[in-house]
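One structure is given here, and the rest of the page talks about it.
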Amino acid sequence: VQLQAYGGGLVQPGGFLTLSCVASGSGFSIDVMGWYRQAPGKQRELVARITRAGSAGYVNSFQGRFTISRDNAKNTVYLQMNRLKPEDTALYYCKAEVESGGDYWGKGTLVTVSS
């Protein structure tokens, strides 16, 4: 399974950005997809995750600003980020947990929130 994240970039504080992550390969079925982030000098942290059935869970600090969604037919997970703050600056990674076992990570896409 290969994961490729898209959509990072430079955005002003208060702005919005949508990330997407596409899983490719063959012979797999993804159970849970999630977004994590790693800010400079900090550990990687969970942002949100969503099951194949569409049940989403968020870390409290992102609830209300970020929305995770997925398109199973396209093996794609999205992260809509609103009201961005400078402290949201980080490398954002997607992760896929396949039903047969095993976790796969994308390389990350950089989000910079700055005026």
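Couple of notes before you dig in:
- Dipole magnitude of the stretch 5-65 about its Cα centre (Cβ charges: Lys, Arg +1; Asp, Glu -1), debye to nearest 20: 120 debye
- Cα centroid separation - the stretch 12-51 against the stretch 68-106, whole Å: 2 Å
- Within the accessible surface of the stretch 44-115, defined with a 1.4 Å probe on protein heavy atoms only, the carbon and sulfur portion equals 45 percent.
- Longest to shortest principal axis, alpha-carbon extents of the stretch 1-60, angstrom: 40, 24, 24
- Accessible area in square angstrom per residue, the chain, 1.4 angstrom probe: 53 Å²
The values are calculated or read from the model by the stated rules, or taken from the named source; none is laboratory data. Everything numeric here is computed off the predicted structure, so don't read it as measured data. All Cβ positions, even for glycine, are placed from backbone atoms using ideal geometry, and neighbour counts span all protein chains on display. Each accessible area value is taken on the protein alone, full model and side chains, heavy atoms only, with ligands, DNA and RNA left out. Shrake-Rupley method; radii C 1.70, N 1.55, O 1.52, S 1.80 Å.
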